[in-house]
1. Which residues, counting only those in the range 71-89, are under 16 Å from residue 149 (Cβ atoms) and either in contact with a strand residue (DSSP E or B) (Cβ under 7 Å, 6 or more places away or on another chain) or not in a loop (DSSP other than H, G, I, E, B) (or both)?
2. On the basis of being outside any loop (DSSP other than H, G, I, E, B), in contact (Cβ under 8 Å) with a residue 24 or more places away in the chain and either touching a strand residue (DSSP E or B) at 6+ places or on another chain (Cβ under 6 Å) or crowded, with 20+ Cβ neighbours inside 10 Å (or both), does residue 142 make the cut?
3. Of the residues in the range 47-70, how many are buried (at least 17 other Cβ atoms within 10 Å of the Cβ) and assigned to a helix (DSSP H, G or I)?
4. Among the candidates 171, 175, 129, 160, single out the residue that is more than 21 Å from residue 59 (Cα to Cα) and touching a helix residue (DSSP H, G or I) at 6+ places or on another chain (Cβ under 7 Å).
5. Kindly establish whether residue 102 is over 16 Å from residue 25 (Cβ atoms) and either touching a strand residue (DSSP E or B) at 6+ places or on another chain (Cβ under 9 Å) or modelled with pLDDT under 95 (or both).
6. Can you name every residue in the range 105-132 that is more than 26 Å from residue 39 (Cβ to Cβ), more than 13 Å from the chain's Cα centre (by Cα) and either outside any loop (DSSP other than H, G, I, E, B) or without any contact (Cβ under 8 Å) to a residue 24 or more places away in the chain (or both)?
7. In this structure, is residue 92 at negative phi, touching a strand residue (DSSP E or B) at 6+ places or on another chain (Cβ under 9 Å) and part of a loop (DSSP other than H, G, I, E, B)?
């Protein structure tokens, strides 16, 4: 587990991290607290995130991201739905139109993945950090080791920089 995430888990257990140069943010902390959550029953897309969103039983990676931001105190607003977004295409179009795409992501920003390199974004998550191994760390909902975009679990994923991805720095995080 990367040092950054280790420190967040330490903080959640009431322990004090020894390296104070890394300051985790509330969005990442909220996402990490959900690691290990699985849909129930398996393969149903039924989650507490879908229940909160009012749209349960559907692929939920975008719903998870919307829930994390709302729970952290930064609701994304109406991006196709009152509580945020469910579909990656709708969200990418929205964020492109509003100028929130960034080439310099910071911890807590939103990422969209294009697995097939076809210009259609298939999956989303929360960016945590770059590593020294030419990879990046993310917290993602509805993923697994066998299904990248509809795997049924919240996981920490380490992905190669060669995957086509875009990042969003939502304006809502700069308003507080």
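1. Answer for the range 71-89, where residues must be under 16 Å from residue 149 (Cβ atoms) and either in contact with a strand residue (DSSP E or B) (Cβ under 7 Å, 6 or more places away or on another chain) or not in a loop (DSSP other than H, G, I, E, B) (or both): 88, 89.
2. yes
3. 13
4. 129
5. No: the conditions fail for residue 102.
6. Those that are more than 26 Å from residue 39 (Cβ to Cβ), more than 13 Å from the chain's Cα centre (by Cα) and either outside any loop (DSSP other than H, G, I, E, B) or without any contact (Cβ under 8 Å) to a residue 24 or more places away in the chain (or both): 118, 119, 130, 132.
7. So residue 92 does not fit the description; no.
The values are calculated or read from the model by the stated rules, or taken from the named source; none is laboratory data. Quick caveat, the model's predicted, so the values are computed rather than measured. Note: ideal-geometry Cβ built from the backbone for every residue, glycine included; neighbour counts use all protein chains shown.
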